[in-house]
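Trainee: Attaching a single structure in structure tokens format; questions to follow.
The values are calculated or read from the model by the stated rules, or taken from the named source; none is laboratory data. On a predicted model such as this, the values are computed, not experimentally measured, just so you know. So basically every Cβ, Gly included, is an ideal-geometry build from the backbone, and we count neighbours across all protein chains shown. For the accessible areas, the whole protein counts, side chains as well, though only heavy atoms, and no ligand, DNA or RNA atoms are used. Shrake-Rupley method; radii C 1.70, N 1.55, O 1.52, S 1.80 Å.
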Amino acid sequence: MRRSIQELTLTRHQENHSAVLEAATQPTGPRASSAVLAKVLPWAAKGGLAVLDQGLISGSNFLIGILLARWLVPDQYGAYALAFSIFLLLTFLYQSLLLEPMAVFSGSAYRKSLRGYLAALVWIHVALTAIGIVALGGCALGVYLRGGSPALAGALLGVTIASPSILLFWLARRAYYMQLAPARATVGAFVYCALVLAGLFLVYRHGWLSPFSAFLLMATGALGTAGYLLLHVRATLTNDEPGPSARATWLRHWSYGRWALASAAATWIPYYMYYPLLSYFSGMTQAGQLRALMNLALPLEQTITALSLLFLPYAARICDTDGVGGARLVTRRLTLLFVSGAVVYWVALIPLRTPVFHLLYGGKYLEVAYLLPLVALETTIWSAGFGPTIVLRAMESPASVFYSRCGASAVSLLVGVPLAKMYGLWGCVIGFVLANVATWLVAVVLLRRRTTDVNAPLAVSEVV
């Protein structure tokens, strides 16, 4: 027993001595500050560029939505909003099968063959968008033949033409994030923004503005900018190993993305099903009012989305190298960052909602300005859910994300649909709030379960 106490005492002395040596060798004072700055500044610069990149894209979309709300009659703007919600369903599918797996695998399985990996992704893009053209074109033709709204038929035709170009543009921009180099993507976003907005003003001055012409302008700007980005991306990407074939890439993406695909459908239901519902229950005008209201949340949503593009590959690496402890730390930091940003944004905007509606919409849609605090609550809860959701995706657990979206979809279908039918726009916004509460709660519970066992592997892809 005495020997054990002596050994324990000696061990403690050795540990204390090692700690003193380690502390003595750490940089202090100005050297410590310089070391911290050397680590922080590159990430701050990349994060700033990512926000600027997404800000330019979201800014152009935001301005298009605002200008169309000012220049089109409410019925036409409602047709644009409805067509855009259908387009978003296609983008969710594309995100699930292409862009989200791309963000994960570019930081892990294919990090040494990014150039060949991108080539395979372009072929997959061609196949997916061809399916989208057939589906959207069929919807536009069906509305036209049945004698529906001409504005809606034109909007759907515009989406059919625009979707392949816009999605290719997204793929080209995302390619630069595979190497955490968003600078060129930011330049491309600026070019796109300038082309679309200049074209929009030109079309308006000549009296050609419509939902169809708006989508056509997006297609033109996206196609030109995508070509510019793809011409320069080869110099950015590594190619130390041969790239995968399109078939092998698709099989891997499908293995990951089938859960994300189901999650995309479950995401569209609680957030975008209300546009066709309002059009059916209350008319196209209320769909336009909902879009006008949600436009004010776009800057915040797109900023958080931009940061998630940067943090998803980073979170995947942390989960791979640091395990459970790293996953928990990243979750706390991301949640705090996103919620704080949402609170600051809405605290600044809500007191100014009346003059903001006057400024943006020229006096239109003031009748729905009272709902903005509820929109603020909804987006703040949505922001809180981004932290655990990003980490679940980084852990290659899209099934968990799917289950959280299923909770939101169930709440929307069981509660949101009756609220929309009985109370119209107000009921839709309440449905948004309840859906986001469900998403956040389920995501937190699932992440906690996956990080309870410190010995459990994190990168586990679910098998059906």
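Trainee: What is the percent carbon and sulfur in the accessible area of the range 386-448, measuring with a 1.4 Å probe over the protein chains and ignoring ligands?
Mentor: The C+S portion of the solvent-accessible surface of the range 386-448 is 75 percent.
Trainee: Using a probe radius of 1.4 Å on heavy atoms only, what accessible surface per residue do you get for the range 237-338? Whole Å² is fine.
Mentor: Roughly 41 Å² per residue, with all protein chains present.
Trainee: If I take every Cα pair under 8 Å that is 6 or more residues apart in the range 349-446, average their sequence separation and divide by the length, what percent do I get for the relative contact order?
Mentor: 32
Trainee: Now for a separate question. With just the Cα atoms of the range 342-391, tell me how far they stretch along each of the three principal axes, in Å, largest first.
Mentor: Per principal axis, max minus min of the Cα coordinates gives 42, 17, 15 Å.
Trainee: Something else: When the scattering of the range 277-360 is computed by the Debye formula from its Cα atoms alone, each counted once and equally, what is log10 I(q)/I(0) at q = 0.14, 0.27 Å⁻¹?
Mentor: -0.69, -1.23
Trainee: Provide the per residue accessible area, probe 1.4 Å, for the range 148-201, rounded to a whole number of square angstrom.
Mentor: 29
Trainee: Here's something else I'd like to know. Calculate, in whole percent, how much of the Cα-Cα pair population of the range 309-464 lies beyond 23 Å.
Mentor: 47
Trainee: At a Förster distance of 60 Å, what's the computed FRET efficiency of Arg247 paired with Val343, Cβ-Cβ distance as r, to 0.05?
Mentor: Values: r = 47 Å, r/R0 = 0.78.
Efficiency, from the Cβ-Cβ distance: 0.80.
Trainee: Working out 0.36 nm times the residue gap between Lys421 and Ala130, then minus their Cα-Cα distance, what length gain in nm do you get to one decimal? Write down the numbers at each step before the final one.
Mentor: Numbers: separation 291, 0.36 × 291 = 104.76 nm, distance 3.54 nm.
Contour length minus Cα-Cα distance gives 101.2 nm.
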